[in-house]
Amino acid sequence: MGPIRLATDRIRRWQMVHDMLLMLTALVLVIGPATTGLADEPASERAADDQAQAAASTGVAPDDAETTPEEADEAEEAAPSPWSGKAGLSLLATSGNTDTTSFGVEVELMREPEPWGLETGVSFSRAEQDGATTAERLHGYARGERSLGRRWGLLAGLSAEQDEFAGFDLRSIAEVGMRLKALTGDVHLLSIDGGLTWTREDLSNGPAEDSLGAFASMSYTWKLSTTSSFRERLELLPSFERSDDWRITSETSVQADLNQHLALKVGYRLRYDNLPVPGFETTDTTTTASVVLAF
């Protein structure tokens, strides 16, 4: 009954996380558009203002300017979609004196904050050696953003992670905070996030623990050329319960586009836990080479 009960508990926990992610997504997509007029001028009003300014400079009234159906179709096709996504797949297998297998998959879906945005993603990685599992991690997140202008925004999100090889069956984090887009150029992009977190950890060899903390993160993108880019994401998660309880995650990657939809990506992830679960290491690293599909 032990394995059956353990499997049942895992299914119940992930079902709870799944429901929370769905609720957050619904909040952003359903409630968000209904309140778009709180801080940003509606697109229709901005278009009307632009049209009026153009008419004042040319002396032609807006009603006198004729737009052909072909021009309307071209304008609609030229407008970029606020939605984007990508999926990555990595696989490594060796055989001989030692049989090893490493597999990873990652899917992300994003919506630009106009003024409501959404970031969601799921990643899974697994490694085996001689038929025995040596690493396995499942992580999912959803984060909503409410733009307050060109540079500032409000954030709210949920994330969940399962990694028995790090000592916990489930780690869930709820967060609220703000975002500053410090760099918004064509070559360099930099955003800085910060706020409060509530963390719950269901330990593999102990009781569940809850803690109040904070988060501070930095996301940087350097567009090396029209077909290649460098990305770095650094996140600090300190706990208010103990001064020595803090975690750092660093994700570094270089991506080269093969065409409009396919790319090759090499990444390195470092996770450091200054106060790990007793009996486990402080540092985990992952190196990946993957094929990425953009959609």
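Worth pointing out:
- Long-range neighbours under 6 Å by Cβ, at least six apart or interchain, first residue of a type in the set (S, T, N, Q) within segment 166-191, second modelled with pLDDT of 95 or more: 172/160; 172/200; 191/179; 191/181; 191/219
Results for (1) assigned to a strand (DSSP E or B); (2) among the aliphatic types (A, V, I, L, M); (3) modelled with pLDDT of 95 or more, shown as yes or no for each residue.
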| residue | (1), (2), (3) |
| --- | --- |
| 165 | no, no, no |
| 174 | yes, yes, yes |
| 178 | yes, yes, yes |
| 181 | yes, no, yes |
| 189 | yes, yes, yes |
| 195 | yes, no, yes |
| 198 | yes, no, yes |
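- When residues of segment 237-255 are limited to those that are surrounded by fewer than 17 Cβ atoms within 10 Å (Cβ to Cβ) and assigned to a strand (DSSP E or B), the one nearest to the chain's Cα centre (by Cα): 251
- Within segment 95-110, tally of residues that are farther than 16 Å from residue 286 by Cα and either touching a residue at least 60 places away in the same chain (Cβ under 8 Å) or among the β-branched types (Val, Ile, Thr) (or both): 2
- Test: residue 133 is among the β-branched types (Val, Ile, Thr), in contact with a Lys or Arg (Cβ under 8 Å, 6 or more places away or on another chain), loosely packed, with under 15 Cβ neighbours inside 10 Å and more than 19 Å from residue 267 (Cα to Cα): yes
- Filtered residues of segment 111-130 (kept if farther than 19 Å from residue 291 by Cα and surrounded by 15 or more Cβ atoms within 10 Å (Cβ to Cβ)): 111, 112, 113, 115, 116, 117, 118, 119, 120, 128
- Screening 225, 239 for residues that are under 25 Å from residue 106 (Cβ atoms) and at pLDDT 95 or above leaves exactly one candidate, 225.
- Residue within segment 205-222 that is assigned to a loop (DSSP other than H, G, I, E, B), in contact (Cβ under 8 Å) with a residue 60 or more places away in the chain and under 25 Å from residue 242 (Cβ atoms) present: yes
- Candidate set: segment 149-195, residues that are touching a Ser or Thr at 6+ places or on another chain (Cβ under 9 Å) and acidic (Asp, Glu); chosen: the one surrounded by the fewest Cβ atoms within 10 Å (Cβ to Cβ): 164
- Selected residue (criterion: modelled with the lowest pLDDT) from residues of segment 245-295 that are within 30 Å of residue 206 (Cβ to Cβ) and of a type in the set (A, V, I, L, M, F, W, C): 277
- Reported count of residues in segment 222-236, each being surrounded by fewer than 16 Cβ atoms within 10 Å (Cβ to Cβ), in contact with a Ser or Thr (Cβ under 6 Å, 6 or more places away or on another chain) and more than 18 Å from residue 194 (Cα to Cα), is 1.
- Hey, residue 117 over 26 Å from residue 284 (Cβ atoms) and of a type in the set (Gly, Ala, Ser) or not: yes
- Flag not set for residue 92, criterion: modelled with pLDDT of 90 or more, closer than 28 Å to residue 293 by Cα and part of a strand (DSSP E or B).
The values are calculated or read from the model by the stated rules, or taken from the named source; none is laboratory data. What you are looking at is a predicted structure, and each value in this text was computed from that prediction instead of being measured. Every residue, glycine among them, receives a Cβ derived from its backbone with ideal geometry; neighbour counts consider all protein chains shown.
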